[in-house]
Amino acid sequence: MATDISILGLGLMGSALAGTLLKAGHRVTVWNRSAAKAEPLAAQGAAVAATAAEAVLASPLVIVCVLDYAATRQLLDGADLAGRTVLNLTNGRPAEARETAAWVTGLGGDYLDGGIMAVPQMIGAPGALILYSGSPAAFDRHEPALTALAEPRYLGEDPGLAPLYDLAMLTGMYGQFAGFLSAAALIASERRSVAEFTESLLVPWLHAMAAITPPMGTQIDAADHATDVANLEVNRVALANLETTFREQGVRPDLLLPLKAIVDRRVAGGHGAEDLSALVEELR
Ligand code: NDP
């Protein structure tokens, strides 16, 4: 069913959101601080609001996708939010989401926060995911329209949950990139092809290792770190070999050293027989 949706912020992501909602047949009103970015969307049928406040008035669902929460607050300041749902798809922190939710609800609006797990080119295509949290009634009301953007995943009423999960997913991603970049530097130290190593060996290995993380998650939930896979003492020796090899190859082990330090600390604390999952106890 076609609905009225306003989009504030037409950077790379906001423009992709607006274009996708237009293609899905929704009536879209757009606003951007630099007006020129609205022109391609106007050509696709979007209505262009002269001010952010005017864009807010145009639709019951107001999507904001700008640089940060400070910009979100700045552009919504003075707008009539009563009876509207503000969906903030701007990247930020759980505390900022909770503060913004309290501010919007104090003005009579409903608040949803969202974490976009996709790049602009993926919006509207299979594989895109958006995490949501905040008002359950607002999510139920708008979910049919939001499905056009990406698979929606609602996490709960606490508005901080979407940014928390978003940042946790980015944490996993940066950890993977840290491992990839270190491995690449090691392979490159012998002038071997990083591309070939990555495609034929590293990626299948990472897939296999990713498959053992859900059981590790179960162990972490249960605080049960017994292992029949590999104990921390074995991992301690492997990481010591890694550090020495990196140095012998003239490669900096910097991205691995924090992990090695935590393994060393846990083993020194008498927990060498535990699973790698036990490191989470050192982090909290
Ligand atoms: P862009 O840099 O392309 O666009 C930034 C947008 O923010 C522009 O519309 C800009 O307006 C606006 N803006 C910045 N400061 C202000 C302000 N003070 N007042 C009003 N508007 C302001 O960024 P993206 O579109 O890539 O990212 C937008 C959000 O989406 C970010 O929070 C990002 O983390 C998130 N995101 C982006 C992804 C991506 O792959 N690009 C992936 C997942 C999330 P102007 O045009 O006038 O400068």
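Throughout, read-outs are computed from the coordinates displayed, never taken from laboratory work. Since the structure is predicted, the reported quantities are computational estimates derived from the model, not experimental observations. All Cβ positions, even for glycine, are placed from backbone atoms using ideal geometry, and neighbour counts span all protein chains on display.
Descriptive notes on the structure:
- Dipole check for region 4-156: with +1 at the C-beta of Lys and Arg, -1 at the C-beta of Asp and Glu, and the Cα centre as origin, the magnitude is about 200 Debye.
- For region 108-116, putting each phi into the Karplus relation 6.51 cos²θ - 1.76 cosθ + 1.60 with θ = phi - 60° gives couplings of x, x, 9, 10, 10, 10, x, x, 8 Hz, in residue order, rounded to whole numbers and with x for Gly and Pro.
- Evaluated at q = 0.11, 0.15, 0.19 Å⁻¹, a Debye calculation over the C-alpha positions of region 93-190 (equal weights, vacuum) places log10 I(q)/I(0) at -0.42, -0.66, -0.91.
- Long hydrophobic helices in the chain, taken as whole DSSP H segments with a C-alpha length of 30 Å or more on their own axis and mean Kyte-Doolittle hydropathy at least 1.6, are absent.
- Where Rh is the Kirkwood radius over Cα pairs, Rg/Rh for region 193-257: 1.05
- Ordered by the number of other Cβ atoms lying within 10 Å of each residue's own Cβ, fewest first, Asp4, Asp275 fall into the sequence Asp4, Asp275.
- Neighbourhood charge, 15 Å Cβ-Cβ cut-off, centred on Ala46 and excluding it, Lys, Arg +1 and Asp, Glu -1: 0
- Each principal axis of the Cα cloud of region 135-203 was taken in turn, and the coordinate range along them, longest first, works out to 58, 23, 13 Å.
- Projected over all directions and averaged, the alpha-carbon convex hull of region 165-283 occupies 7.9 nm².
- Charge tally in the Cβ shell below 12 Å around Ala230, where Lys, Arg are +1 and Asp, Glu are -1, Ala230 excluded: -3
- Relative counts (whole %) of C-alpha pair distances in the chain, using bins that are 10 Å wide: 6, 23, 25, 18, 17, 9, 1
- Beyond 22 Å, the tail of the calculated P(r) for region 4-156 holds 31 percent of the Cα pairs.
- Rounded to the nearest 20 debye, the dipole size of the chain about its Cα centre is 700 debye, using +1 on the Cβ of Lys and Arg and -1 on the Cβ of Asp and Glu.
- Under 13 Å, Cβ to Cβ, from Trp103 - net charge with Lys/Arg +1 and Asp/Glu -1: -3
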